[in-house]
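Okay, structure first, notes after.
Please treat every number below as a calculation from the coordinates, not as lab data. This one's a predicted model, so the numbers in the text were calculated from it and none came from an experiment. All Cβ positions, glycine included, derive from the backbone under ideal geometry; neighbour counts span all protein chains shown.
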Amino acid sequence: MDIAAVLKFADDLVFAQTGKHLDYVQEAILRGTFKKRTYTQIAKEVYSSSSHVRNVGSDLWKILSEGLGENITKASLKPILETGKFYNYQFAIVKDVRSENITVNKNINICTKKARSPATPHNPQPTTKQPRIDLSDAPQILTFYDRTPELSTLKQWILDDRTHLITILGLTGSGKSAIALQLIQQIQSEFDCIIWRSLRNSPNLPALQTDLIKFLSDRQQTELPSIIEYLRSYRCLIILDDIQTIFSSGQLAGNYKPNYENYGAFFKQIAESCHNSCLILLGWEKPREIAALESSKNCQTLELNGLGESAREIFTEKGLLDSEKWSESIELYRGNPLWLNIVATTIQDLFGGKVSAFLSYDSLLLGDLEYLLHQHFQRLSEAEKQVMFWLANETKAVEISNKPKDIELSPSEFLKAVESLRRRLLIEKVQEGDRTLFAVQRAIAEYVKTNIK
Ligand SMILES: Nc1ncnc2c1ncn2[C@@H]1O[C@H](COP(=O)(O)OP(=O)(O)OP(=O)(O)O)[C@@H](O)[C@H]1O
Ligand SMILES: [Mg+2]
C-alpha cells in the first residue's frame, strides 16, 4: 500500500470519526511513520515541538484504532499496512459526505457512525487542539538561537492584546522568517488554521485571497465566503513573507507597485475590522498605511535587531578563535545571523579562524554581504541614496539639521527621504540626551562608500 493510498484511507477514517479531515501535522506523522521516522524528526519537519507531535500522534492512533476496531500504534502501523489488512478496511468505507453520515463497514462487524458532534459538557473533545497548518511555502531554518524578548513581545500582542496586524521588519538575514516559524511552534495550539505564504512572486491580491480561502475553507463547501468572514468564524494565523516584492523600487519605502495598491486596503481592513485572527507581515519595508494604524493596539510593528550575545553561538559552531574579540565583530555586523554566518566562513577561510587577524585587517570585509546589501540599495530612491551617502561618510552620528548644502533636496524631500530610510531600517536613530541623531551602521557605510558615488 503506497503512502498516498494510506493518507487517503486515513483521511476518510478520521473524517468518519471526527467530521474533520487530516490536518498538516497528522499527515506529517503518517508520512513520517511510514518512513520509520521518530517523533523528534517529524517535529523538526513541521516546525513543532516533539511533545506536541507526540500528543497529536497519540490522539491520531486512538481515532484510527477506534475506527478500525484494532489497536493501532506508531509501532504497529507499518506492519499492519504491510500485511495488507488496510485493503480490507479501505474497500469497506462508505461515505455519504453531503449528509455527513458515515458508514464504516468492517469485514464482519458493521457499525454506523455519525460525524462527531460539537463539544458539549457531556461530550468532551480531545484537549489538544490541532490546527490545520500549511507551512509548505516557509523556508527551512535548521538552527535557532535565543530570541526570548522578541518572542515574548509577539506572544503578548497576539495572545493577550489580540492584535490583528503585526509587521516584522528587518534587513535581509536578520531572522524574520526564523522567528515567525519559532513563534508558530510556540502558539499553534491557540489557532484553528495557520497558513504561510511568500509574496516572492508578487501575486496580485485576488490571486492571493483565492489561495488563502482555498486553504481556510472547508473542502466540501461550494459557496465560499470572503476572507474576513473566515477570520471571524475561525481563529486564523496568516503569515505573508517577503512583502517588499509588492512595493516599487526607486521610490520611497512602502509605495505599492501599480496594480498592487489594493493590498493597502486589505491590510487596513484586517487591522480595523472585527475578528479573532492575526495577520503577520514579514519584510524589508513598512507598508505606507501601517504608520497611521499603529496608534491602535490592533496594529503593531516589531523592528528585528541583532541576536545580541547569543550570536556568539554562531562563532562557536564555526570553531572560530580569539573569543575575547567576538563581541566586537558581532557588533560590527549588528548581530545579523545570516551576515555573521557569512563573515564567520570568511574568517575561517581567509584568516584561519583568527578573529583578531580579521579585525586588524585594513578595511571591513564585506565579501558575499555585498550582494545582499545590493538588493536593499537597488530599491532606494535617488533622494535616499544622497542621504545615505552623506551619513555613511560621517564619522559619528549627526542631527538632521546638519544637512550639507550640496544635498540638492528641498526640506520636505529631505525629511521624507530620512523617514523612508528609517522605515527600511537602513539608518539608525541614536538618542543623546534630548538630541536625536542619525547614523549608518559600519557594514552598510562600507558598502555605500565603495558602491554609491
Ligand atoms: N535566531 C536565530 N538563530 C540562529 N540562526 C538564525 C536565527 N535567525 C536566523 N538565523 C539564520 O539566519 C538565516 C537567515 O534567517 P531568515 O531567513 O529568517 O532571515 P530573514 O530576515 O527572513 O531574511 P530575508 O529578508 O532575506 O527573508 C537563517 O537561515 C538562519 O541560518
Ligand atoms: Mg525571510
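Counting each DSSP H run of 4 or more residues in the chain as -39500 (n - 2.57), what helix-only mean residue ellipticity at 222 nm follows after dividing by all residues, to the nearest 500 deg cm²/dmol?
For the chain, the value works out to -13000 deg cm²/dmol.
Below 8 Å between Cα atoms, with a sequence gap of 6+, how large is the relative contact order for the chain in percent?
13 percent.
For Ala292 and Thr316, what is the calculated FRET efficiency with R₀ set at 45 Å and r taken between the beta-carbons, to the nearest 0.05?
0.55
Using a cut-off of 14 Å between beta-carbons, work out the net charge of the residues near Glu399 (Lys and Arg +1, Asp and Glu -1, Glu399 not included).
So the surrounding residues net to 0.
Using only Cα atoms and rounding to the nearest 10 degrees, what angle (0 to 90) does helix 262-272 make with the longest principal axis of the chain?
Helix 262-272 sits roughly 70 degrees off the main axis of the chain.
Straight-line reach from Lys62: which aspartates and glutamates fall under 18 Å, measuring Cα to Cα and dropping same-chain residues less than 8 apart?
Within the straight-line limit of under 18 Å, Lys62 reaches these aspartates and glutamates: Asp11, Asp12, Asp23, Glu27, Glu70.
For Asp134, list long-range residues whose amide hydrogen, built 1.01 Å from N in the peptide plane, is under 5 Å from its own amide hydrogen.
Ile194, Ile195, Trp196
Using only the Cα atoms of the chain, what are the Rg and Dmax in Å?
Using the Cα atoms of the chain, the pair Rg, Dmax is 26.4, 92 Å.
Please report the equivalent ellipsoid semi-axes of segment 308-365, computed as sqrt(5 x eigenvalue) of the Cα gyration tensor, largest first, in whole Å.
15, 12, 11
Mind pulling up the Rg/Rh value for segment 153-259? Radius of gyration and Kirkwood radius, both on Cα.
A ratio of 0.98.
Can you tell me which aspartates and glutamates have their Cα less than 20 Å from the Cα of Lys396? Leave out same-chain residues fewer than eight positions away.
Glu328, Glu331, Asp362, Glu384, Asp406, Glu419, Glu428, Glu432, Asp434, Glu446
On the principal axes of its Cα set, how long, how wide and how thick is segment 273-432? Give whole Å, largest value first.
For segment 273-432, the Cα extents along the three principal axes come out at 52, 51, 32 Å.
In a Debye calculation with equal point scatterers on the alpha-carbon sites of segment 372-451 and no solvent, what is log10 I(q)/I(0) at q = 0.10, 0.12 Å⁻¹?
The Cα Debye sum returns log10 ratios of -0.21, -0.30.
Count of lysine pairs in segment 132-303 with Cα atoms under 16 Å apart, counting only pairs 8 or more residues apart in sequence or on different chains?
6
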